[in-house]
Structure formats: structure tokens, C-alpha cells
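Please read the structure below before turning to the comments.
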Amino acid sequence: MTIRTLVSVVEQHIAGLPGLIAALVGRVTDGVAVARVAYTNDVQEEISLEQLGNYAADLIQANNRLCQSASPDQEADYLLAGTSGLRVVIKAFPQSPYFVLFLTRSTTDLRAISERVKAILIDGKPLLPPVQDTTTSTAQALISYAKRYAPDPNFVALRLSLKTGLDRNRLEKGTLSRQELRILYKAVADLLGRERLPIAMPV
Amino acid sequence: MLEHLHLDRERKLISLFGEPVIFHCHHYNLFLQQTIEDPDWIDGVGILRTAAQEIFYSLLYGAFKALGVQETQERLAVAAQIFSFLGFGRLAFEVTPSGGEVQLTHSHYAEGWLSKYGEQVSRTRPIDHLAVGYVAAALDATFGELGSYAAEETECMAVTRKDHCVIQATRLPKPQSLTPSPGMGKLIEQPTQFPQPVTAVDYDAVNEALWGLPLAGDERGQIRAFNVLLTRMPANYYNRIQYRFLQELKAVQAELMGVGEALIRESGHVCVFYTFGNIMESVEWETLVGPMLEKDTDWIHGGYAVASSLGWGRWQALEVVSGESCRVAIDGNYEANYFLASYPRAEDPACYFAQGAVPALMNLVYSGNIQQKPVLDQVFYNRLFQRGGLFRGKETKAREQGDPWCEFYAARVSGTESLRV
């Protein structure tokens, strides 16, 4: 008997799609890929794919905020980006902090992409990892956001530990009280020189 | 001002009016400063300003005495001249004995910050803590005594993105009690005779050539060399800020000492990576050190020959195993000279800059392949860390703990492993 995984679902539905470079299922809170199939062995391209996941997560969050300002139950639909040679298609799983991303050549048929994305959304949904506790995931999302956008990303965790006065291990595990979460939010905003961050704090 | 530099060839130290001065770049200065100003729960900015006021007061007091300058305007002109000579920018004093306004242009910290982080981050707080302390020190030395003045940066170009900063100075009703610099600190009596290193690099020849370079602030008060903004900083400013900062951490939240130490070490890593990386890609390196480079290990020796030309003391690689490890001695390191003059014997090795610098040079040569002249930018630096398997270092002998010299060992370790010496 074959055990179905998210990767096998992705593999099943991308088979035979011309011009596909990579497909991934990522997490909106931090951009991390939970399943990925890429037709590349190049380290640079691997890093670019990671950045693409981060970019998609930011884009979905920004679009969701815009949609929700119109109506609280609205979510972002298909998001498209790319260059003259490449195309990125992103679609979030409904009512879930996960998304599907396809990176293809710009010649790839959009309808074919759309059908395969829909199939992954349907077959992949039961296989998505469980959503973490809100406080934990917010803390991790804040740290992950800082690592993406602050200078010297390799030392962001140390800097945040020093700025907040909180132990580095606790910060990285994300097990913080509401008060500590507010301190962390302020520290990340300060590190980036921003008043607000695109990460919602738990109510 | 170059003529006033005093060179101690034996100890490989450089001083200006009795204060040890050393070269460091804007990458190091910014990283170290940010580490100290980051925690809101201690007065990091106060540590930076006060240290600048104390150390520069000693330097300016020495300068006015040595140059015999008595008149107010003459003293302020010398203070501005020294500030520019050291690479911090240009100061224009509009002051009286009660205080006044000082305009700062081409600020090392502000322009350095804008060039390094300006496109990525917005800054909301002033950055010129050193200049603020310097202005207070200049007025102290001109009109009063140490601690007579306080200063504040009211406009900072790193925040406003204009072309200048403004610092306001006021005379205090009563001088605050501050501690002057320990000057050259506790020097080594005699240089230690280390075994002759196995290398084609002639350390003394590199020293002499680099000591001859006229590295001084230009008309903007900046030292632009080797693709970085250099400063000829009083060593005791770095020493004072790093040790006071760690003392504060220990007093307020001792469990975060390790984080503070790690970040100070990292500033040393950043410094060597950018400054030495750029030096090793320069024409000067090619001309001067290039002909001595026969093996890859010579690049490490060449690096230490350069290090001991910067006023940091006598740095020498004792043993370099290609791609694997190195053992480095520092005889009369500037950190230990200060430490021993200011504190009792250290409980733990305390030459933090060197602890970061030694593995950094191995990373530059054996992880960053500097021989291939990569583009030394933040992306390259970040990737180096993401790849893992970097060199880490340890201070294995510490003069500040009673050893005759300081010694460091660096080797490649995996992410979870700790360094075995």
C-alpha cells in the first residue's frame, strides 16, 4: 500500500506539465515549504526558491489584509507574478495558513496550471500539518519575518534576545506570554525601523 | 596630524598624543555599536557617549598640551582637525563657554550606516553617539575639566537623510564624575620571541610598508580605503564600551552575558571578513603581499602581518594547517593592555575582538575562497553562514588571566559540535 504524502500529491498533479520549474506547498506565517518538488540541483536556485516561499507568504498576508478590510470573511484569490520568462502562480488553501506555489516558464498554459493547483488544494488539504497554537506561531512568524528582512540575518535571534531580554531558546521555540509577545513585536519593528509589521497579534 | 603618530615598532602599537589608536572599518563600528545600543533595559547609548567623552578628553587634553594650544578658537580648530584626521567626519563648532551648536557633516557612523543598511531599514533614532561624546570632550578640554559638558544629537542624517547632523552642547551646573582613559594601558615588558613561522611572508616587511601608507581623513574627514570607511579609533574607546557593556549585562541580567559576548565576537568576525577581505582583493595586497604568497597558508600569515600593522599589537600565526586549523599568538593585544590596566585578573578569557577575528580569517580564506576575489557583500556573507561548517575559535591562553601572551585556536566545526582544542 502506498502512503499518500503532501509531496506525493504534488508529484501526482504536476506530472507532465510543460515548463514547470518547481511546485511547493508553503506556510503563510513564515514562508517555509512543507512540501516541495523542484527540478534543480543548484544551491543558488534552492536559495532563490526559499526566498520565493517567503515572498509568496508576504504577498498572501498583504492581500488578505486588503481583502479583509473590504469584508472580514474575504481571502486573497490567485496571485500572479513573474518576469517575461518566468511565472509564479500562488493560491492559498481556503481557511488555512498554507498555500500552493508554481514556478513555471511563462509559456506554460495558465489553465493547465490552474487545474493542477486546484487538484493539489483538494487532495492536499487533509494532509496539511496541524496549525500550531496562535501565540507560538505568532512569535515564530515574528522571528522568521525579522530573519527575512533585518540586516545580518544570521544574528537576528541573538539580537532579538538581547533587545527583548528574553532567552534565545524560548524565543525560537515561540513559547511566550502575551506580554512577551508584545515586547518581541516592538523589538522586531524597531530592528526594521517600522511602526507596524504585517503580522497580526493575537487578540 | 600624521607627524604626531608615535610608532612603537617592538610592540607594534601606534599612539596619538598618548592614546593607542587602531584601524577599524565601518562594518565593525556599526555592528559593535548596535549590539550595545540594542537592549532598552540598559543604558547602552549612555555607555557609548560617556566612553567617547572620557577617552577623547584624554586624547585632546594630551594634544592641547603637546601642541601648546591655549586659545579657545585654536583648541576647537585642533579638536575638529583631529576628529577629521581620525576619519569621523567634519565638525563645525559654534560654541561659547556655556555651550552651543556643532554641525557634523560626512559623519562616519551616519554615512556608514546609510551605505550599509540605508536601503533596507529606516532609522528612527540618532546614531552619532561617538560624536556626541567627542563634542562634550572637546568642550571639556577647551573650557573646563572632564565631565563639565553634556551633549545631545538633535538632528541626525541617518534619520532625516539630509546632509548633516546637529549636536547641541550645554555646560552642566557641576561636572559629572567620569574616568579618564588609562592611556597605553599595561604594556608587555619585552616582546616574546615566538618560533619563526613556516611561511614565505615577511611580517616585518609588510608592517613597514603599511605603516608608510598615509592613511588620514580626507577633505570630508573620511578615510576611504580598501572599499570600506576606515577610522583610526582610540583603542580604549572600543575597550571601554565592550567591557562596560558586559558589566552592565552581568549586573542587570547575567544570563544574557553569553549573548552579548557572542555578538561582540561576531563584530570581530564582521570586521575581518570585510576589511581583510577587501584588503586581500586590493592592488596594495597584490603588490606588497602577493609576491610572498606561495601556499594557501601564506594567505593566513599575510593576514596576520597586516593585522599587526593596524596598531592591534603583535599578531603572529604559530601554526596553520591548510583548510583545517590555526593557532595564533597575540603578544600585547590592545584588549589585554586595557583590561589589565582597568580590572583585576579576568575570570574568563576576555579578548573578544580577537576571539572573533581569528576564526574569521580562516573562514575568509578556506570558506569564502578569498583567493577567487568574490564580491564581499551581505548576500555573500549570509550564504557563508547558511552553508555551515565554518571555523570557530577559542582563546586558549589569556594574558588577562595571567598567561604571558594571548593565544587563539580556530578549527572547522559542524553546527552542533563545540570546538575541541
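The values are calculated or read from the model by the stated rules, or taken from the named source; none is laboratory data. Since the model is a prediction, treat every value here as computed from it, not as a measurement. Using ideal geometry, Cβ is built from the backbone for each residue, glycine included, and neighbour counts are taken over all protein chains shown. SASA here: full protein model, heavy atoms, side chains in, ligands and nucleic acids out. Shrake-Rupley method; radii C 1.70, N 1.55, O 1.52, S 1.80 Å.
Quick notes on this structure:
- The range B:64-91: number of residues that are part of a helix (DSSP H, G or I), more than 21 Å from the chain's Cα centre (by Cα) and not β-branched (V, I, T): 9
- Checking B:K295 against (1) over 21 Å from the mean Cα position of the chain (by Cα); (2) open to solvent by 10 Å² or more (accessible area, probe 1.4 Å); (3) within 25 Å of B:V21 (Cβ to Cβ), the condition it does not meet: (3)
- Within the range A:167-203, the set of residues being part of a loop (DSSP other than H, G, I, E, B), hydrophobic (A, V, I, L, M, F, W, C), within 21 Å of the chain's Cα centre (by Cα) and farther than 29 Å from B:H27 by Cβ comprises A:I199, A:A200, A:M201.
Residue-wise test of (1) more than 19 Å from B:M233 (Cα to Cα); (2) at pLDDT 95 or above; (3) acidic (D, E).
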position	(1), (2), (3)
B:Y274	no, no, no
B:S282	yes, no, no
B:G290	yes, no, no
B:L318	yes, yes, no
B:G323	yes, no, no
B:F339	no, yes, no
B:P349	yes, yes, no
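- Of residues in the range B:100-135 being within 14 Å of chain A (Cβ to nearest Cβ) and aromatic (F, W, Y), the one farthest from A:R148 (Cα to Cα): B:W113
- Candidates in the range A:155-166 are the residues that are more than 7 Å from every other protein chain (Cβ to nearest Cβ) and more than 21 Å from the chain's Cα centre (by Cα); of these, the one that is farthest from A:D190 (Cα to Cα) is A:L166.
- In the range B:233-251, the count of residues that are touching a helix residue (DSSP H, G or I) at 6+ places or on another chain (Cβ under 8 Å) and not in a helix (DSSP H, G or I) is one or more.
- Among all positions in the range A:53-72, there is at least one residue which is out of contact with any Pro (no Cβ under 9 Å at 6 or more places or on another chain), modelled with pLDDT under 80 and part of a loop (DSSP other than H, G, I, E, B).
- Meets criteria (more than 25 Å from A:D152 (Cβ to Cβ), in contact with an Asp or Glu (Cβ under 8 Å, 6 or more places away or on another chain) and away from chain A (no Cβ under 14 Å)) for B:L91: no
- Counting only residues that are open to solvent by less than 20 Å² (accessible area, probe 1.4 Å) and under 30 Å from B:V228 (Cβ atoms), the range B:92-112 holds 7 of them.
- Apart from one condition, A:P130 fits all of (1) in a helix (DSSP H, G or I); (2) open to solvent by 30 Å² or more (accessible area, probe 1.4 Å); (3) within 24 Å of A:V7 (Cα to Cα); the exception is (1).
- Test: residue in the range B:244-257 that is closer than 28 Å to B:S84 by Cα, more than 16 Å from the chain's Cα centre (by Cα), open to solvent by 50 Å² or more (accessible area, probe 1.4 Å) and not charged (D, E, K, R): no
- Only one entry of B:Y381, B:Y338, B:Y409 meets the criterion of being within 14 Å of chain A (Cβ to nearest Cβ) and either closer than 24 Å to B:T297 by Cβ or crowded, with 22+ Cβ neighbours inside 10 Å (or both), and that entry is B:Y381.
- Some residue of the range A:143-151 being of a type in the set (V, I, T), more than 11 Å from every other protein chain (Cβ to nearest Cβ) and open to solvent by 20 Å² or more (accessible area, probe 1.4 Å): no
- Of the set (1) open to solvent by less than 10 Å² (accessible area, probe 1.4 Å); (2) under 17 Å from the mean Cα position of the chain (by Cα), all apply to B:G221 but (2).
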